[in-house]
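J.: One structure coming up, written as structure tokens, with questions to follow.
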Amino acid sequence: MIIKIKCIDEDQPGEKWAKVFNRTWPHYRAWYLQEGFTARPGYLSCSEALEEHMPELAPLYEHICELAGGGDVASRYLSMWNPPAFMSGCTQVAWTRNRPALIRNYDYNPKWFEGVMLKSHWLQPVMGVSDCNWGLLDGMNGSGLCASLNFGGRNAVGQGFGIPLVIRYLLETCSNVEEAVKTLDRLPVHMAYNVMLMDRHGEYATLFLGPDRNPALITKKACTNHQEDIVWPEYARQTQTIERQKAAEEYLSDETMDLETIFRKFLQPPLHQFDVKKSFGTLYSAAWFPDTGKAKLFWKGKELNQSLYEFTEQQITVQISKQAESLIY
């Protein structure tokens, strides 16, 4: 199975953003309307929610809706207010030895991988792996704040935003972990998610979020796909969340471990996984370095290095398994 990642440099949403949207919209539209047209909130509810909770993004939202053609369904989708449920895998760790780094594996179905790394300057410089066209799976801003997401292992669904837009909002409006924690405390999310944060001073935090709970600030440096307890045993077994959590904690506590060694661990089981039958597994590994503004996406035998200050537009192709499947790309 092949994935492609295209690196795009565009300060404000424009022709490049629109091109990606037009390519991916048929797939996202099918996903967004999978439960029917009336299952999703109306445009007015969507725009009012964004204005209330993320007012700084409201002008950008209007602009990207215009770039997307101004249609009702596209505008509702782009608000990310009460979207359909979606689940990922993922392992995240906060590395604090010698230099700060947020390291993660992103586990998902390749069919829905957007395949874009975007550097922008909307409210401040931001570089990250794109999802839902203007949201982010993980990334870093010019203030030295890094953020990444994973699914929290509970099937609770409620009123709130999809987590990719929450990650985007944090990186557009916050400058450090303390500010991001305060922001997450007031933002509604529509599913159970875990968010890991790190800033250039080496401060880090993991937050357990959900539509049915208050955010919980966790001091652990490793985070997989559950929160305080396992409440969905079938999902936990399928994703090996307990095994991955234990392994990640062991790596972090090993005093002989260095960055290059833990990078290799992220490319090996149990942290790295791929279920060929279900087309689900690790699509990329990433390391975000808030002290230098640099990032590395890596696979076995290949890596992609970028910087907020020297970003290069390019495209990389990676074979992640021998199975073939049509991709969103």
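J.: Only residues that are out of contact with any strand residue (DSSP E or B) (no Cβ under 8 Å at 6 or more places or on another chain) and either buried (at least 24 other Cβ atoms within 10 Å of the Cβ) or in a loop (DSSP other than H, G, I, E, B) (or both): list them for segment 112-134, please.
T.: W122, L123, C132, N133, W134 - these are the residues of segment 112-134 that are out of contact with any strand residue (DSSP E or B) (no Cβ under 8 Å at 6 or more places or on another chain) and either buried (at least 24 other Cβ atoms within 10 Å of the Cβ) or in a loop (DSSP other than H, G, I, E, B) (or both).
J.: Let me ask something else about it. Can you tell me how many residues within segment 20-38 are loosely packed, with under 13 Cβ neighbours inside 10 Å and either closer than 16 Å to G115 by Cβ or without any contact (Cβ under 8 Å) to a residue 40 or more places away in the chain (or both)? Spell out how you get there, then give the answer.
T.: We begin by selecting, within segment 20-38, every residue loosely packed, with under 13 Cβ neighbours inside 10 Å; these are 22, 26, 30, 34-38.
Of the ones still in play, those that are also either closer than 16 Å to G115 by Cβ or without any contact (Cβ under 8 Å) to a residue 40 or more places away in the chain (or both) are 22, 26, 30, 36-38.
Residues in segment 20-38 being loosely packed, with under 13 Cβ neighbours inside 10 Å and either closer than 16 Å to G115 by Cβ or without any contact (Cβ under 8 Å) to a residue 40 or more places away in the chain (or both): 6 in total.
J.: If we scan segment 93-110, do we find a residue that is in contact with a Ser or Thr (Cβ under 6 Å, 6 or more places away or on another chain), part of a loop (DSSP other than H, G, I, E, B) and closer than 14 Å to Y284 by Cβ?
T.: Within segment 93-110 (the criterion being in contact with a Ser or Thr (Cβ under 6 Å, 6 or more places away or on another chain), part of a loop (DSSP other than H, G, I, E, B) and closer than 14 Å to Y284 by Cβ), the answer is yes, since at least one residue qualifies.
J.: Still on this structure, I have one more. Looking only at segment 143-166, decide whether some residue is in contact with a helix residue (DSSP H, G or I) (Cβ under 7 Å, 6 or more places away or on another chain), free of Cβ contacts under 8 Å to residues at least 40 places away in the same chain and not hydroxyl-bearing (S, T, Y).
T.: Looking for residues that are in contact with a helix residue (DSSP H, G or I) (Cβ under 7 Å, 6 or more places away or on another chain), free of Cβ contacts under 8 Å to residues at least 40 places away in the same chain and not hydroxyl-bearing (S, T, Y), one finds none in segment 143-166, hence no.
J.: For segment 174-189, what are the residues that are β-branched (V, I, T) and surrounded by fewer than 18 Cβ atoms within 10 Å (Cβ to Cβ)?
T.: Within segment 174-189, just T183 meets the criteria.
Residues checked against (1) farther than 22 Å from L57 by Cα; (2) part of a helix (DSSP H, G or I); (3) at pLDDT 95 or above:
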| residue | (1), (2), (3) |
| --- | --- |
| L170 | no, yes, yes |
| S175 | no, no, yes |
| E178 | no, yes, yes |
| D212 | yes, no, yes |
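J.: For segment 73-111, which positions are within 28 Å of A248 (Cα to Cα), over 15 Å from the mean Cα position of the chain (by Cα) and surrounded by 21 or more Cβ atoms within 10 Å (Cβ to Cβ)?
T.: Listed by number, the residues that qualify are A94, W95, P100, A101.
The values are calculated or read from the model by the stated rules, or taken from the named source; none is laboratory data. Worth saying up front: this structure is predicted, and the values here are computed from it rather than measured. Virtual Cβ from ideal backbone geometry, glycine too; neighbours counted across all protein chains shown.
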